[in-house]
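Structure, as structure tokens:
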Amino acid sequence: MLRSTTPTPDSTSVSTGTRPLALMVTAAMLAWLALPPGAALAADATLAAADPQRVSAKQIKKCAKCHLEEGVTDDPEIPHLAGQRASYLYKQLQDYAADRRDGGRMNKTASKLSAQEMADLSALFASKSLPAQAGVSVLPAPAQVTAAGEKGCAGCHGEDGRGKHDKYDAPALAGMPIPYFKMVMEAFRDGERQNDADGVMREAAKGLGDADIESLAAYYLSLGQRKAMPY
Ligand code: HEC
Ligand code: HEC
């Protein structure tokens, strides 16, 4: 189990219908039980109890230095937080704090947050939307997007690129800045980023050429109806 700070039951107990007796059934547990087998990866009681209202103005200001107040970045090497899935944001903060992902200064920033602060901030930024820009037309999907089987990006990230709440809880990609997209794809391909559950992204990025990554980046940016930022 990669992401939990609080103990979560293993997924097999759900698929067989037998839960350990010691577990108390809480609201978070009930939400978790509604998920399909295997979804335990995405379950976390702290996240389920997140409250964006608890985030202080001071806290938002800290993140806003780089991510801006609304979580819509103006720096192409920084990801948007607005409209990203809360479960994904939360997992990344945990991964940075535990040095499972190298995000430069993000690691130190995340290490100073409690699990509850991470959850509250994740819920806050996830509740904001990534605005569309006028004059963007969606590009044709590259072959990798709709490919059948293990590698098809849409299978996990959704046809609309908004991510999917399933076994892998893949993040939204729509509207992601091109340089950031390329950087993380190369990091997965080259095995430098290893925080993906079951190595799914290292597998999906395997064998992609730079031109493939470039066209995937352009496609996903357009899918979010966003224009490329100057770089
Ligand atoms: C000094 C600039 C800076 C500050 C301050 C900062 N971030 Fe970041 N953040 C970044 C950069 C750069 C990245 C991409 C790092 C990488 O390559 O992994 C990032 C990545 C992230 C990610 C991962 C997003 C994704 O799509 O994978 C999350 C979540 C995040 N930041 C949340 C926060 C929160 C919450 C705060 C405030 C507590 C914060 N950041 C403060 C610069 C910053
Ligand atoms: C089997 C499921 C799966 C498939 C197939 C898949 N992904 Fe992912 N992807 C994920 C998951 C899960 C993550 C989050 C990993 C983590 O926890 O950091 C992710 C993360 C990413 C990220 C990083 C997002 C960020 O904010 O840093 C990018 C970019 C991405 N995927 C692009 C793609 C592309 C392009 C394809 C197709 C070539 C693809 N993915 C195929 C599951 C998948």
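Observations, loosely collected:
- Evaluating 6.51 cos²θ - 1.76 cosθ + 1.60 at θ = phi - 60° for every residue in segment 101-109, the Karplus couplings come out as 9, 8, x, x, 5, 4, 5, 5, 4 Hz, glycine and proline recorded as x.
- Packing-based exposure ordering (other Cβ within 10 Å, fewest first) of Ser56, Ser137, Ser222: Ser137, Ser56, Ser222
- Taking Asp120, Asp160, Asp95 and counting other C-beta atoms within 10 Å, the order from fewest to most: Asp160, Asp95, Asp120
- Per-residue extension of 0.36 nm, minus the Cα-Cα distance of Ala218 and Cys66, leaves a gain of 52.4 nm for this segment.
- Annotation: amide H of Lys128 within the under-5 Å range of Gly83, sequence separation 5 or more or interchain, hydrogens built in the peptide plane.
- For segment 173-179, Karplus couplings with θ = phi - 60° (6.51, -1.76, 1.60), whole Hz, Gly/Pro x: 10, 4, x, 5, x, 4, x
- Rg [Å, one decimal], Dmax [Å, integer] - segment 143-223, C-alpha atoms: 11.4, 30
- Per residue, the convex hull spanned by the alpha carbons of segment 52-126 comes to 81 Å³.
- Exposure proxy order (Cβ contacts within 10 Å, fewest to most) of Thr109, Thr46: Thr109, Thr46
- Cα gyration tensor of segment 78-231 - equivalent ellipsoid semi-axes, whole Å, descending: 24, 19, 15
Quick note: the coordinates plus some simple rules give every number you see, no bench work behind them. Nothing here was measured: the structure is a model prediction, and the numbers come from that model. Reconstructed Cβ throughout: ideal geometry from the backbone, glycine too, with neighbour counts over all protein chains shown.
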